[in-house]
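Okay, structure first, notes after.
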Amino acid sequence: MARVLKRGRDAAQRAEDDSKVRATVEGILADIEKRGDAAIRELSIKFDQWDRRDFRLTDAEIEGCLSQLSQRNLDDIKFAQAQVRNFAQAQRQSMLDIEVETLPGVVLGHKHIPVSSVGCYVPGGKYPLLASAHMSVITAKVAGVNRIVTCAPPYQGKPAPAIVAAQHLAGADAIYCLGGIQAVGAMALGTESFEKVDMLVGPGNAFVAEAKRQLFGRVGIDLFAGPTETLVIADESVDGEMCATDLLGQAEHGPNSPAILLTNSERLARETMAEIERLLKILPTATIAAKAWEDYGEVIVCDDEAEMIREADRIASEHVQVMTRDPDVFLHKMTNYGALFLGPRTNVAYGDKVIGTNHTLPTMKAARYTGGLWVGKFLKTVTYQRVLTDQASAMIGEYCSRLCMLEGFAGHAEQANVRVRRYGGRNIPYASAAE
């Protein structure tokens with residue numbers, strides 16, 4: 001049976017935090033809907049100390065941001081974007097339109113139509129997370145989205161040059177320097193200066209995630225996202241330093257980012273906990289990572305690999321780093337995860353920043369029913385049908401009529417009956433089941 005050596009905050013405490021966030025977001029979205037740009041401006045001043053009449057960056061401002069980066073910086077951004085684009089294009093090519101004759105004279109098909117407009121949120125108030133621009137804008141571009149707008153908060157009192165460069169190089173049609181609830185609210189609800197979008201994507205803090213949740217239905221969203229989560233699955237083929245580094249490397253995202261070690265070795269578990277304490281004395285982001293580890297860190301020791309797989313699927317983590325003697329066991333048997341990182345040569349940071357897979361992934365156990373952001377999220381798979389012959393229409397009509405009457409839908413049945421009469425020559429009485 002799995003033994004918990006370290007546990008984080010309990011569910012009741014987390015639920016209380018969530019309720020406070022929900023109430024705050026609800027009030028702010030209502031204010032944006034009522035007062036538009038005036039509310040946006042006040043919120044930006046309040047939360048980001050950032051004020052301007054028009055939050056959209058001009059071409060000159062964008063070029064100014066690019067000029068602040070070295071050629072190496074720009075080349076690195078372009079390299080990462082090329083990897084994301086390459087993988088997204090391969091995914092898109094796997095999605096085929098189909099058309100098939102399922103019965104003589106009956107043709108069914110589906111096609112993939114891009115969403116018309118997308119708003120991409122790029123977090124950046126605490127860290128300038130330019131990678132989120134690659135993941136959302138490029139993936140939407142590959143899918144064929146016509147209009148892509150981006151919002152990112154100011155960083156240290158001004159637009160973050162690296163984020164602006166990433167948004168521009170990825171192909172955003174409009175770039176806004178605006179953060180938080182006010183950004184996603186403006187994109188989804190529309191204001192005097194923001195044209196509504198059809199879909200919101202991109203990660204963010206708890207308030208941004210809750211805003212997306214409350215706006216879902218008015219707009220589409222990529223997924224319900226919470227704080228970054230990481231699960232390290234390890235055995236004694238690796239050491240405590242490797243495990244501790246991978247846990248704290250994600251815990252630094254925020255003070256409520258879960259970081260969990262799952263192992264079949266108590267020795268490795270205790271070695272990892274000791275290494276975490278050592279690294280927290282020297283890690284520059286230790287203030288944040290230590291709080292996350294204290295409140296949301298867990299260490300679980302299992303009896304064997306089978307139990308590790310069961311526990312991992314129960315946890316359903318966003319990121320799962322597998323460092324065992326045979327990582328493919330987990331690839332073949334695990335079912336609930338956002339993304340797998342197999343073996344010690346890879347890690348979550350690779351996926352977050354550069355390797356090419358998308359880093360916008362399901363959290364809060366959503367991996368039980370969805371994957372992460374990919375080109376398919378920006379495509380509407382819609383169906384169509386055509387009936388080619390009189391005989392086919394009459395034959396399908398007879399089945400349809402009887403089934404409609406079985407449900408009591410006389411009007412539906414007559415839609416079928418009129419075609420049976422017209423194309424099949426059958427004299428079926430009005431709104432009665434065909435024999």
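The values are calculated or read from the model by the stated rules, or taken from the named source; none is laboratory data. These numbers were taken from a predicted model, which means no experiment stands behind them. Cβ coordinates were reconstructed from backbone atoms using ideal geometry, including for glycine residues, and neighbour counts include every protein chain displayed. Each accessible area value is taken on the protein alone, full model and side chains, heavy atoms only, with ligands, DNA and RNA left out. Shrake-Rupley method; radii C 1.70, N 1.55, O 1.52, S 1.80 Å.
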(request) Please give the length that would be gained between Asp59 and Glu33 if that part of the chain were fully extended, namely 0.36 nm times their separation in residues minus their C-alpha to C-alpha distance (nm, one decimal). (result) 6.5 nm
(request) Roll a 1.4 Å probe over the protein chains and send me the accessible area per residue for region 279-435 in Å². (result) 54 Å²
(request) Distance check, please: which entries in Lys34/Lys78; Lys212/Lys353; Lys158/Lys196; Lys196/Lys353; Lys281/Lys333; Lys46/Lys196 exceed 32 angstrom between their Cα atoms? (result) Lys34/Lys78; Lys281/Lys333
(request) Could you pull out every residue, at least 5 positions away or on a different chain, whose amide H is within less than 5 Å of the one on Gly220? Hs are placed 1.01 Å off N in the peptide plane, and Pro or chain starts have none. (result) Met199, Leu200
(message) Going by Cα centres, region 112-144 and region 329-346 are how many Å apart?
(response) 25 Å
(request) Mind ranking 62-74, 329-341 by how tightly packed they are, going by the mean number of other C-beta atoms within 10 angstrom, highest first? (result) 329-341, 62-74
(request) Just flag the GluC sites (Glu not before Pro) in region 205-261 sitting in loop per DSSP whose Cβ has no more than 16 other Cβ atoms within 10 Å. (result) Glu236
(request) With r as the distance between the Cβ atoms of Asp75 and Arg310 and R0 = 30 Å, compute the FRET efficiency 1/(1 + (r/R0)^6) and round to 0.05. (result) 0.10
(request) Let me have the relative contact order for region 81-204, percent, based on Cα pairs under 8 Å that are six or more residues apart. (result) 28 percent
(message) With every protein chain kept in place and ligands, DNA and RNA left out, what is the accessible area per residue of region 166-243? Probe 1.4 Å, answer in Å².
(response) 31 Å²
(message) With N set to the number of residues, divide the alpha-carbon radius of gyration of the chain by 2.2 N^0.38 Å and report two decimals.
(response) 1.18
(message) Counting heavy atoms of the protein chains only and a 1.4 Å probe, report the per residue accessible area for region 16-98 as a whole number of Å².
(response) 64 Å²
(message) Taking 56 Å as R0, compute the FRET efficiency from the Cβ-Cβ separation of Leu403 and Thr287 and round it to 0.05.
(response) 0.30
(message) Quick check on the chain: helices-only [θ] at 222 nm, where DSSP H runs of length 4 and up contribute -39,500 (n - 2.57) each and the sum goes over total residues. Nearest 500, please.
(response) -14000 deg cm²/dmol
(request) Starting from the residue with the highest accessible area, list Arg85, Arg52 in decreasing order, probe 1.4 Å. (result) Arg85, Arg52
(request) Express in nm, to one decimal, how much length is gained between Glu192 and Arg422 on full extension, taking 0.36 nm for each residue of separation and deducting their alpha carbon distance. (result) 77.4 nm
(request) Per residue of region 83-94, in order, report the coupling 6.51 cos²θ - 1.76 cosθ + 1.60 (Karplus, θ = phi - 60°) as ³J(HN,Hα) in whole Hz, putting x for Gly and Pro. (result) 5, 5, 5, 4, 6, 4, 5, 5, 5, 4, 5, 7
(message) Please list, ordered by chain and number, the residues whose modelled amide H lies under 5 Å from the amide H of Gly297; skip anything fewer than 5 residues away on the same chain.
(response) Ala259
(message) Per-residue counts of other Cβ atoms within 10 Å, averaged by peptide: what ranking do you get for 275-287, 365-377, highest first?
(response) 365-377, 275-287
(message) Can you give the Rg/Rh ratio of region 46-155, where Rg is from the C-alpha atoms and Rh is the Kirkwood radius?
(response) 1.14
(request) Calculate what fraction, in whole %, of the accessible area of the chain sits on carbon and sulfur atoms when a 1.4 Å probe is rolled over the protein chains. (result) 52 percent
(request) Return the long-range amide H neighbours of Val232 (sequence gap of 5 or more, or a different chain), with a cut-off of under 5 Å between placed amide H atoms. (result) Ile260, Leu261, Leu262, Gln321
(request) Could you run the Karplus curve 6.51 cos²θ - 1.76 cosθ + 1.60 with θ = phi - 60° over region 354-361 and give me ³J(HN,Hα) per residue in whole Hz, x for Gly and Pro? (result) 8, 6, x, 6, 7, 9, 8, 10
(request) Could you tell me the accessible area of Asp326 in Å² (1.4 Å probe, neighbours in place), rounded to the nearest ten? (result) 70 Å²
(message) Probe radius 1.4 Å, ligands and nucleic acids left out: which of Tyr399, Tyr121 has the largest accessible area, and how do the rest follow?
(response) Tyr399, Tyr121
(request) With label points built 7 Å along Cα→Cβ from the Cα atoms of Asp303 and Leu342, find their separation and express it in nm. (result) 2.8 nm
(request) Report the full-extension gain for the segment Ile113 to Thr370: residue separation times 0.36 nm, less the Cα-Cα distance, to one decimal in nm. (result) 90.5 nm
(request) Please work out the FRET efficiency for the pair Glu266 and Phe47, using the Cβ-Cβ distance as r and a Förster radius of 51 Å; give the result to the nearest 0.05. (result) 0.70
